[in-house]
Protein chains: 2
Amino acid sequence: MQDNNIREKCRELATRLYELDGEVYESVGSSLGRTFTGDREGTIRNLSALMYTKPDGHLLRSEMALISNMARTIKDKEEKSRLMKKYDEIFQEILTLPETFVATDIMDKERVALNHMIKHREKISENDHLVICISRTQGSAGNDIGFGLADKLRINYYDVEIFDQVLRRLEAEKGAVNDAEYFADFNKYEKKHKFDPKGWFREFNRYHGLPKQDAVFFNMSDLICDLASKEDCIIMGRCADAILKNNHIPHISLFITAPFAIRVQHVMDVRKMNMKQAVRFLKKMDSQHRRYYNFYGGAQWGKPDNYDLCINSASYGINETENLILKLLDDQIH
Amino acid sequence: MQDNNIREKCRELATRLYELDGEVYESVGSSLGRTFTGDREGTIRNLSALMYTKPDGHLLRSEMALISNMARTIKDKEEKSRLMKKYDEIFQEILTLPETFVATDIMDKERVALNHMIKHREKISENDHLVICISRTQGSAGNDIGFGLADKLRINYYDVEIFDQVLRRLEAEKGAVNDAEYFADFNKYEKKHKFDPKGWFREFNRYHGLPKQDAVFFNMSDLICDLASKEDCIIMGRCADAILKNNHIPHISLFITAPFAIRVQHVMDVRKMNMKQAVRFLKKMDSQHRRYYNFYGGAQWGKPDNYDLCINSASYGINETENLILKLLDDQIH
């Protein structure tokens, strides 16, 4: 569209909007008055300017919402439907203006390409499997939800114990390294107390000169990428989301948590702890998860912009949380 | 069940699980070997103990997942289905044991009662409307999503500009108070520079002795509760989730955000800012939102355990984020 044409179009739409507001006002007979209280010419000029220059679409959107909010209160059904139709027509035409308030999308194109919850997403390769990475806080029942989900989807479930067993077997000949123990003791900057030169040298060779916990992490990363390229599965924790993102392997990343007080109660029930023990246990586990994820994941654990979706399991319960996730996958399950 | 019966049942299930593992191993012919590598009697004793004492269900769950993960790799379809059926039977029977690993739910009962995304939730009163509270970070397109959703659902949309207009009209006779200006300047602890005794006394009377910004907040709270009890609607920001929760009014609480870099790009596009301006603008807005929510909402802004669901809009884009929310509401839309 030519610049002049756009200006004219804006003015025409502004005029129709102003007149619609008058009609809605008459039909509602509201004591609140019209949305546009200024004089006709000034209002139309302002509205056209909003459409044309759109400082950020914000004000125009609010004005439109006010009119439609009011129109929805019209009691006469025919009149309501007639005016809502007019409103829709104006709205649709505004959308066709260059760069209106919904024209500028927000999208991390790379992330969207990998996201299984996008409807009709194109497979990026033959090795494009449904991989659900679940991070969770201790006591949020995240593991129960992951396990239940795997069962409902009939796909494989991997948590830390399973990874350990698999790694231990795969690497039996090289001498197994156990991730769980390094995760539990994970403290990248804490010096070990004893220095054993012989042991150190043996480990140096075994892990190609990497610190042992880094070697464990890299073994784990390889395993996770390998799994995710071969099969549908659910992977609990292990920064799997960050690993797969870095390797450009399709996956969904979820974070499951619940309010601290609810997690405390859950841990007291499940682990037969008293409140003091449960609080101490949760604080310790949260801090371990945080350190591990922040270091290896390169992002802040539990911050919603790291994941596709964060779910508060206490707002749903285990079963409904599983159903919620299933609902979002319905395009992917055949 | 009697204690002795439970012990016996656990032992029986453990035996069946041990034997299933053997069968699966034979069918797979895996080089990884059986899940249970110990001797028969010891393994069965350990497994029964896991079922009976269930330290936290964790280990048993992982053992079961290992067996089913392996069974799913069986190539012969009939054999696979036969063994998976056996697995399911054992699994279902384990679930019937008192307090197995999925028996202890996590649930904030009050929150679940108010949550519209729960399938077949019972209405708690006649004034039970679909109210969607959306908190969002600036630049995450949260407002576009809220507005688009209101349009798709054909329900009312309220943002700060609309609240201001409504409040101003409703309170015209008392002298309007504008929430937007207090939100923008919100700093609970910053002293005002000038003291005007006459103005102070007038405001003291007008707001029943409350500080002006508190009075504005309480007006806003009343309005939000009133709206949410009368109609389906979408409410942007204003701590509406915290207000409705405190007043036990049904609603869904969503938080929409996106990674900082993506938000910067979005703000640059929409507001025609350069990168430096966009970064400064976002930091300022985030800090204002945080202070306002932390003070009036009584919780930490943007922490996933405050909301039912947090959505990363950059993982979906505007339209797919709207669709995602619609999908989760399908039980509520008629």
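Laboratory data are not the source of any read-out in this text; all were calculated from the coordinates shown. On a predicted model such as this, the values are computed, not experimentally measured, just so you know. Counting neighbours? That spans all protein chains shown, and the Cβs are built from the backbone with ideal geometry, glycine included.
Some values worked out for this structure:
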{"quantity": "Cα-Cα separations in the stretch A:259-305 greater than 15 Å, expressed as whole percent", "calculated": "50"}
{"quantity": "Order of B:D88, A:D159, A:D164 - criterion: other Cβ atoms within 10 Å of each residue's Cβ, fewest first", "calculated": "B:D88, A:D164, A:D159"}
{"quantity": "Closest Cβ on chain A to the rotation axis that carries it onto B (distance rounded to whole Å)", "calculated": "A:C310, 2"}
{"quantity": "Within-9-Å neighbourhood charge of B:G237 [Cβ basis; K, R +1; D, E -1]", "calculated": "+1"}
{"quantity": "For the stretch B:247-334, diffusion coefficient by Stokes-Einstein and Kirkwood Rh (Cα), 25 °C, 0.890 mPa s, µm²/s", "calculated": "164"}
{"quantity": "Teacher prompt: B:T73 distances to equivalent labels in other copies, 7 Å Cα→Cβ, nm", "calculated": "6.5"}
{"quantity": "Label point 7 Å beyond Cα along the C-beta direction, distances from A:N319 to other copies (nm, shortest first)", "calculated": "3.7"}
{"quantity": "Rg in Å to one decimal, and Dmax rounded to a whole Å, for the stretch A:283-334 via C-alpha atoms", "calculated": "14.2, 41"}
{"quantity": "For B:60-67, mean number of other protein chain Cβ atoms within 10 Å", "calculated": "6"}
{"quantity": "Violating pairs (Cα-Cα greater than 31 angstrom) within the set B:K272/B:K327; A:K276/B:K284; A:K327/B:K86; A:K109/B:K283; A:K152/B:K123; A:K245/B:K303", "calculated": "B:K272/B:K327; A:K276/B:K284"}
{"quantity": "Inter-copy spacing of A:N5 label points, which lie 7 Å from Cα along Cα→Cβ, given in nm from shortest upward", "calculated": "8.2"}
{"quantity": "Peptide-level mean, for A:142-152, of C-beta atoms on other protein chains within 10 Å", "calculated": "4"}
{"quantity": "Per-residue Cβ neighbour rank within 10 angstrom, fewest leading, B:I224, A:I155", "calculated": "A:I155, B:I224"}
{"quantity": "Neighbouring partner chain Cβ atoms per residue of A:256-263, average, 10 Å criterion", "calculated": "4"}
{"quantity": "Environment charge at A:D21 (Cβ cut-off 12 Å; Lys +1, Arg +1, Asp -1, Glu -1)", "calculated": "0"}
{"quantity": "Within-15-Å neighbourhood charge of B:I67 [Cβ basis; K, R +1; D, E -1]", "calculated": "-2"}
{"quantity": "Sequence-distant residues sharing a close amide H with B:I252 (under 5 Å, placed H)", "calculated": "B:H116, B:V131, B:I132, B:C133"}
